[in-house]
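A.B. asks: Below you'll find the structure I mean.
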Amino acid sequence: MTSTLEDTPTVKPGHRSLRDKEGNASKRDRKEQFMRYLLSGLMAIASIPIVLILFQVIRMGWQVISWEFFTTREFPPAREGGGYAAGFVGTGMIMLWASAMAIPLGILAAVYQVDYGRGITAKVIRFFTDVMTGIPSIFVGLAVYSLIILNTGFTFGAFPAAVAISIIMLPIVVRSSEEVLRTVPIELKQGSLAMGARQWQTTVRVVLPAAAPGLTTGAMLAVARGAGETAPLILTAFGNVNIVTTWFNIAIGALPLQIYNGARQPFAPGIERAWGGALCLMTLVLLLTVGARMLGRRFAKTVRA
Amino acid sequence: MTTTEPDLSTDPDKRLSGSGLGRFSDRAFALLLLGAGLSVLVVLAAIVIRTTIDAWPVFQYMGFFDFVFGTEWRAGFSRTEFTGEYGIFPFIYGTLYVAAIALVFALPLAIAVSIYIVHYAPRRLKTTMSYFVEVLAAVPSIVFGLWGLLFFVPVFLHPVTKFIAGSVGEVIPYFSSPVANVNYFHAGFVLAIMILPIITAITREIIATAPLPEQEAAYGLGATRWEVIRSVVLPRSFSGIVGGAMLGLGRAFGETIAVLMLVGGSQRWDPTRVFFSGDTMAAHIAATFQDASPETVTALLGIGVVLLIVSMIINMLARAIVWRFGAVGSDAL
């Protein structure tokens, strides 16, 4: 059955190339080829919907983008023209406030976990930060509704919406900042301490500036995630087609809410505007994400150098 | 020697330790950071406890088990008392069902894509591809919902599901007609497209961190690339992939807006058919909240609490598995 050294020359005289495969080997080789093609095929299949979604949103959205789209309030769904100004203003206000709450708090919590936290307290905080990442965003909306609107004097508006979005952003900021802070070289900290700096001076003047680009990356990713959230806003911002610039107690519009409302009614002008809004939202989120990744990569290079 | 020697002999303590408030600065700063760390716990506790308290009346009115396993949902319109009937089992069923459909499509594809990126893709494309996957994981769900509702389902998916119902459905009642425009399957399929990059981001990282020496040893023994993947990489990544899949499942449970636009918003349920318009917990909350009377809002809070419990159980299991496997540092988690 199996060829021995003696009978090989009789089967195939002369030099035998290593590339010649027989029996089992060629079967394995064919299987390898098959898997290669199968996996490439699956990769192609997986990328089809993604290409379709980018293509379709750009194709449909591009038609309605105009100066007017950014500067006027939305008309009733059956009427042509008008724009998402209320949504842009609302999303801007909500994100500004949510970022102002979530990012500093998140970075401080991350510093605590990396450089200060010890023992069981740090472990518990760490565990529950992870747990918090898994909370469904709709639950955050409900919880903020119950916490702020049912139990204090405030009603729907930018304030509860910002609280909800910041709760969604907080664990993302903490986790990404933590990872970045861990990469700050210990020599930097030791050097600072050896020069006589206090620990807080080391943290504020050495560790944080060294990690700044990475921290920005994490913050940008969190903003990207927060800006696209729709579900909690239904329960906290409530939506409004008028431009609202008040922080408290007036229902406020937001970009994702306007897309949602435009998409689910049957009139063509409203649907067209929804595509336009989707294009704007996607561009915003992708710009933030890509920008964050580029910053992050540069940071990784400087730390290694 | 022109410099004057500092006079350390007089009071060495004063030179080495600062004076005044500066001495407390470190302790104050540490306290501030501890406060920031604890704030995460406080926020978490506040939202969970407050919501449970506000949802308590509906649990008392229906009884917790009748609330969870009741199949009748009839919203009441009272401001002061409970008049409706609140059983959320159809929504729980819808949530599990849609998430399961999404996972069935997304998980095998995510594993295949991860293997391709890590082991088969041309070296030059590797970074670009994994970068692309992570960027795609950031596309907001409202965009998927809009695209699914107005383009993908009417143009591609609905003809396909109608064809399946017309051919396979004649034989197997599970796939039988009529195919509603929005149903469990359509929602699950679009959800699969949505969580594909999210799961891929995790599985790719897990597959990329499979122990290299063992792979090299297998190559050294003459294994082909696929054999190495089959007998070294995949067994080593198994628990990590299970954990990643469960995190994806958690994401699918909580997903609201894309599912809401595609699942149908019906309060009936029918486990014998896949092309049936139903509802999920998250979608039902978002769909009915704005028109809900105070008693119904309480019931919606109850749904939220149940949703939280279900996704927390899934999440903690997933994290326990991933932790045992080893830390994975991905932003997608």
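A.B. asks: Would you mind checking the tilt of helix B:184-208 against the longest principal axis of the Cα atoms of chain B, expressed as 0 to 90 degrees and rounded to 10?
C.D. replies: The angle comes out at about 30 degrees.
A.B. asks: Where nothing but the Cβ of Lys and Arg (+1) and of Asp and Glu (-1) is charged, how large is the charge dipole of the protein assembly as shown around its Cα centre, in debye to the nearest 20?
C.D. replies: 1520
A.B. asks: Another question, if that's okay. For A:K123, give me every one of the aspartates and glutamates with a C-alpha distance below 19 angstrom, ignoring sequence neighbours fewer than eight places off in its own chain.
C.D. replies: A:D115, A:E178, A:E179
A.B. asks: Another one. Say the dipole of segment A:86-304 comes from +1 at the beta carbon of Lys and Arg and -1 at that of Asp and Glu; which of A:M282, A:A211, A:G134 then lies farthest toward its positive end?
C.D. replies: About the Cα centre, the residue reaching furthest to the positive side is A:A211.
A.B. asks: Here is a follow-up. Which of rounded, prolate, oblate describes chain A, given a ≥ b ≥ c as roots of the alpha-carbon gyration tensor eigenvalues and a/c under 1.5 marking rounded, otherwise prolate only if a/b is larger than b/c?
C.D. replies: oblate
A.B. asks: Hey, fewest Cβ within 10 Å first, where do B:T71, A:T202, B:T256 land in order?
C.D. replies: Listed from fewest to most nearby Cβ atoms, that is B:T71, A:T202, B:T256.
A.B. asks: Of the candidates B:A28, B:A218, B:A201, which one comes out as most mobile in a Gaussian network treatment of chain B with C-alpha springs shorter than 10 Å?
C.D. replies: Of B:A28, B:A218, B:A201, the most mobile in the Gaussian network model is B:A28.
A.B. asks: Give me B:V263, B:V274 sorted ascending by neighbouring Cβ count inside 10 Å, so fewest comes first.
C.D. replies: Ascending number of Cβ neighbours within 10 Å: B:V274, B:V263.
A.B. asks: Still on this model: Tilt of helix A:268-304 relative to the longest C-alpha principal axis of chain A, in degrees (0 to 90, nearest 10)?
C.D. replies: Its long axis makes an angle of about 60 degrees.
A.B. asks: How would the protein assembly as shown be classified by its alpha-carbon gyration tensor: rounded, prolate or oblate, with rounded meaning a/c under 1.5 and the a/b versus b/c comparison settling the rest?
C.D. replies: oblate
A.B. asks: Taking 0.36 nm per residue of sequence separation and subtracting the Cα-Cα distance, how much length would be gained by fully extending the chain between A:R118 and A:V204, in nm to one decimal?
C.D. replies: Contour length minus Cα-Cα distance gives 29.0 nm.
A.B. asks: Around B:F29, what is the net charge, scoring Lys/Arg as +1 and Asp/Glu as -1 over all other residues with Cβ under 14 Å from its Cβ?
C.D. replies: +2
A.B. asks: May I ask you to order B:238-248, A:249-259 by the average number of other C-beta atoms within 10 Å around their residues, highest value first?
C.D. replies: Top of the packing list down: A:249-259, B:238-248.
A.B. asks: If you take the charge dipole of chain B about its Cα centre, with +1 on Lys and Arg Cβ and -1 on Asp and Glu Cβ, which of B:P57, B:M194, B:I313 is farthest toward its positive end?
C.D. replies: B:M194
A.B. asks: Which aspartates and glutamates, on any chain, are close to B:K162 with Cα under 19 Å apart, when same-chain ones fewer than 8 places away are left out?
C.D. replies: By straight Cα distance, B:K162 reaches B:E170, B:D270.
A.B. asks: Kindly put B:T161, A:T121, A:T217 in sequence by how many other C-beta atoms sit within 10 Å of each C-beta, fewest to most.
C.D. replies: A:T121, B:T161, A:T217
A.B. asks: By the scheme Lys and Arg +1, Asp and Glu -1, what is the net charge of all other residues having a beta-carbon under 15 Å from that of A:A268?
C.D. replies: 0
Just so you know, all these numbers are worked out from the coordinates, no wet-lab data involved. As the structure is a prediction and not an experimental result, all values here were calculated from the model. Note that we place each Cβ from the backbone using ideal geometry, even for glycine, and neighbour counts take in every protein chain shown.
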